[in-house]
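Asker: Before I ask anything, here is the structure I am working with.
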Amino acid sequence: MLPMDIGEMIETEESVNTVLKLTERLDYNLLNASYERLPSARESSPKQMFQLVILGYMEDTYSTRKLESASRYDIRFMYILQGKPVPDHNRFWSFIKHRLQGEVIENLFYQLVNYLLEAGEIDLANLFVDGTKIEACANRYTFVWKKSTNKYEARLDQKMADLQSELTARYQEEIPTGTPLDTCYDILMGQATAQNISFVHGRGKRKTQLQRDIETLESYLQRKQKYEGYNATFAGRNSFSKTDPDATFMRMKDDHMMNGQLKPGYNLQFGTSGEYIVGADISSERSDKQTLIPLLDRMEKGMDGKRFETVTTDAGYESEENYKALESRGQAAFIKPQNYEKSKTRKYKTNAYLRENMPYDQDTDTYTCPAGSLFEPIYTTIRKSTSGFESTITAYECKECSTCPQKKHCTRAKGNRKITVSKDFITLREQSRERITSEKGIVLRLNRSIQAEGVFGVLKEDYGFRRFTRRGKINVFTETLLYAFAFNINKFHNKKKRKHEGVILHLPKSA
């Protein structure tokens, strides 16, 4: 019997053909450079290994053992191998862990994005950004809190100060308060050597006072080193997991105890266009405000300096820092104000005591309250965010609150009412409000809910992507880009089957 061509048994519209079509045009020089010695011609090449992994993610086959099984028995995987020996699960694991990490998988991903741009599947007109929190591959009850660590470390320092005073009196050797623990330990060990004291252990043995003091110092030293290691791991965060130190405890939408309990996870950010994922980033930030600019910077680097003309996000990304950053980059911000939904209610519109509803005189820089009193500026200060961004804040005070009959409706403060305002933020927020309520803004907000939120819906429900299977920020980012790569190829394949190529924006349907 002549060898049978497996490709004859695969239908033309099968997704494996789309995988081969899109991955054959990629440049694998960076992937090949990750090998000290490339596999022999009899083994599967790095390109074939990558194609097998991507096809596995497209077919909900993420386990390395399942990838090995599929390569052995699934005709689509066998077609990619072209008769070469089946890689075992250890080789799949090593390939993902050591070959695809870092800039290798990111380079391959953005090559695909640039191809979609050339093919007209996406454009540089509009970018839609959204994020979600994905649980880390970490035990749920391995939390370390910064506040607790600082409290326990302060207690240890006090115990150490008391012990140093006792040691000074007990051994007639000056040990000043604040002496490092290792120095105290060396002093006591010198005492033990000078007195020729041998340490004893076990039942029936009586320890000397010096041995007990040295063991106490050893336990203090271990605890001190542990707390210092914790503080180094925090790196600006308030918590981390012992199982996965890069993971931060966050409040998830769904949890195993159904009570809003904190769980270790990562803040996953996606940028989408034309229903494709065009950018991804992993963050330890619990809120979305500090994640937008790092995502855009990463995308710009991967896309060879290309930028999108507009950026559309939900209210979670609104901040003066993001507004000004997008303005400096020449990108129009279509960011939903945080008070947008509330501002449309009757209660909000009729509340004359809100700062937003008070008349403002730009010439005198004053607000007028419903009683006719003026809020005058009293000082200006600089407020710095966690990222180091500085915002100019102006404080206003009404000097006539003590005699005002409407005070109980206006404020609960004992003295005069004060309000703080960032004038730049108010201006930028109003500009963004005008944009999102325009005809173009309505279309972009509609597409953000379809495209950006739709990506997470597909990944969570269809792909079962609700928890990472790898640990560490680098490994988690590699896993994220594998999902994104597989998602884009599946989307390209399905749009081609439905003849929806080139559809980038969805327009509202009239009744």
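The values are calculated or read from the model by the stated rules, or taken from the named source; none is laboratory data. Not measured: the values here are computed from a predicted model. Cβ: placed from backbone, ideal geometry, glycine included. Neighbour counts: every protein chain shown.
Asker: Could you check region 1-92 for helices (runs of 4 or more DSSP H) lying wholly inside it with 1 or more residues that are more than 27 Å from TYR115 (Cα to Cα)?
Answerer: On the way: elements: 15-23, 29-33, 46-58, 64-73, 75-81.
Ranges flagged: 64-73, 75-81.
Asker: Report, by residue number, each residue of region 210-254 that is among the acidic types (Asp, Glu), within 30 Å of GLU285 (Cα to Cα) and over 18 Å from the mean Cα position of the chain (by Cα).
Answerer: Within region 210-254, just GLU228 meets the criteria.
Asker: Further question: How many residues are surrounded by 10 or more Cβ atoms within 10 Å (Cβ to Cβ), more than 53 Å from the chain's Cα centre (by Cα) and not hydroxyl-bearing (Ser, Thr, Tyr) when one looks only at region 196-209?
Answerer: 1
Asker: I want to confirm something. Restricting to region 415-429 and keeping residues that are in contact with a Lys or Arg (Cβ under 9 Å, 6 or more places away or on another chain) and more than 16 Å from TYR367 (Cβ to Cβ), which single residue is surrounded by the fewest Cβ atoms within 10 Å (Cβ to Cβ)?
Answerer: Across region 415-429, the extreme among qualifying residues is ASP424.
Asker: Kindly evaluate PHE456 against the criterion of being surrounded by 19 or more Cβ atoms within 10 Å (Cβ to Cβ) and out of contact with any Phe, Trp or Tyr (no Cβ under 6 Å at 6 or more places or on another chain). Before you say what the answer is, go through the steps one by one.
Answerer: Values: surrounded by 19 or more Cβ atoms within 10 Å (Cβ to Cβ): no; out of contact with any Phe, Trp or Tyr (no Cβ under 6 Å at 6 or more places or on another chain): yes.
Taking the combined requirement at face value, the residue does not satisfy it.
Asker: Does region 280-294 include one or more residues that are over 20 Å from the mean Cα position of the chain (by Cα), within 30 Å of LYS496 (Cβ to Cβ) and either part of a loop (DSSP other than H, G, I, E, B) or of a type outside the set (Val, Ile, Thr) (or both)?
Answerer: Quick first cut of region 280-294, residues over 20 Å from the mean Cα position of the chain (by Cα) only: none.
No, region 280-294 has no match at all.
Asker: Let me ask you something else. Is one or more of the residues making up region 93-100 over 16 Å from LEU31 (Cβ atoms) and touching a Gly at 6+ places or on another chain (Cβ under 6 Å)?
Answerer: We begin by selecting, within region 93-100, every residue over 16 Å from LEU31 (Cβ atoms); these are 93.
If we keep only those that are touching a Gly at 6+ places or on another chain (Cβ under 6 Å) too, we end up with none.
Within region 93-100, none of the residues are over 16 Å from LEU31 (Cβ atoms) and touching a Gly at 6+ places or on another chain (Cβ under 6 Å).
Asker: Please verify whether region 265-272 includes one or more residues that are in a helix (DSSP H, G or I) and in contact with a strand residue (DSSP E or B) (Cβ under 9 Å, 6 or more places away or on another chain). Reasoning before the result, please.
Answerer: Going through region 265-272, the residues in a helix (DSSP H, G or I) turn out to be none.
Taking every residue of region 265-272 in turn, none turns out to be in a helix (DSSP H, G or I) and in contact with a strand residue (DSSP E or B) (Cβ under 9 Å, 6 or more places away or on another chain).
Asker: Filter region 468-503 down to the residues that are at pLDDT 90 or above, surrounded by fewer than 16 Cβ atoms within 10 Å (Cβ to Cβ) and in a loop (DSSP other than H, G, I, E, B) and list them by number.
Answerer: THR469, the sole residue that qualifies.
Asker: Among GLN211, GLN225, which is the only one that is closer than 30 Å to MET189 by Cα and in contact with a helix residue (DSSP H, G or I) (Cβ under 8 Å, 6 or more places away or on another chain)?
Answerer: Working: GLN225 fails: in contact with a helix residue (DSSP H, G or I) (Cβ under 8 Å, 6 or more places away or on another chain).
Within the list GLN211, GLN225, the selection yields GLN211.
Asker: For a quick check of your reading: which strands (runs of 3 or more DSSP E) sit entirely within region 306-404 and have at least 3 residues that are closer than 29 Å to ASN416 by Cβ? Walk me through how you get there before you give the answer.
Answerer: Working: elements: 310-313, 332-335, 366-368, 374-384, 390-398.
Counting at least 3 such residues, we get 366-368, 374-384, 390-398.
Asker: Being of a type in the set (Asp, Glu), farther than 20 Å from GLU166 by Cα and at pLDDT 80 or above, is that true of even one residue in region 214-221? Walk me through how you get there before you give the answer.
Answerer: Taking region 214-221 first, the residues of a type in the set (Asp, Glu) are 215, 218.
After this cut, where a residue has to be farther than 20 Å from GLU166 by Cα as well, the list is none.
Looking through region 214-221, none of the residues is of a type in the set (Asp, Glu), farther than 20 Å from GLU166 by Cα and at pLDDT 80 or above.
Asker: Something else now. Kindly list the number of the only condition in (1) in contact with a helix residue (DSSP H, G or I) (Cβ under 6 Å, 6 or more places away or on another chain); (2) at pLDDT below 95 that fails for PRO264.
Answerer: The one condition PRO264 does not meet is (1).
Asker: Further question: Can ASN447 be described as within 31 Å of the chain's Cα centre (by Cα), without any contact (Cβ under 8 Å) to a residue 12 or more places away in the chain and closer than 30 Å to GLU135 by Cβ? Break it down stepwise before answering.
Answerer: Details: within 31 Å of the chain's Cα centre (by Cα): yes; without any contact (Cβ under 8 Å) to a residue 12 or more places away in the chain: no; closer than 30 Å to GLU135 by Cβ: yes.
No; evaluated as a whole, the condition is false for this residue.
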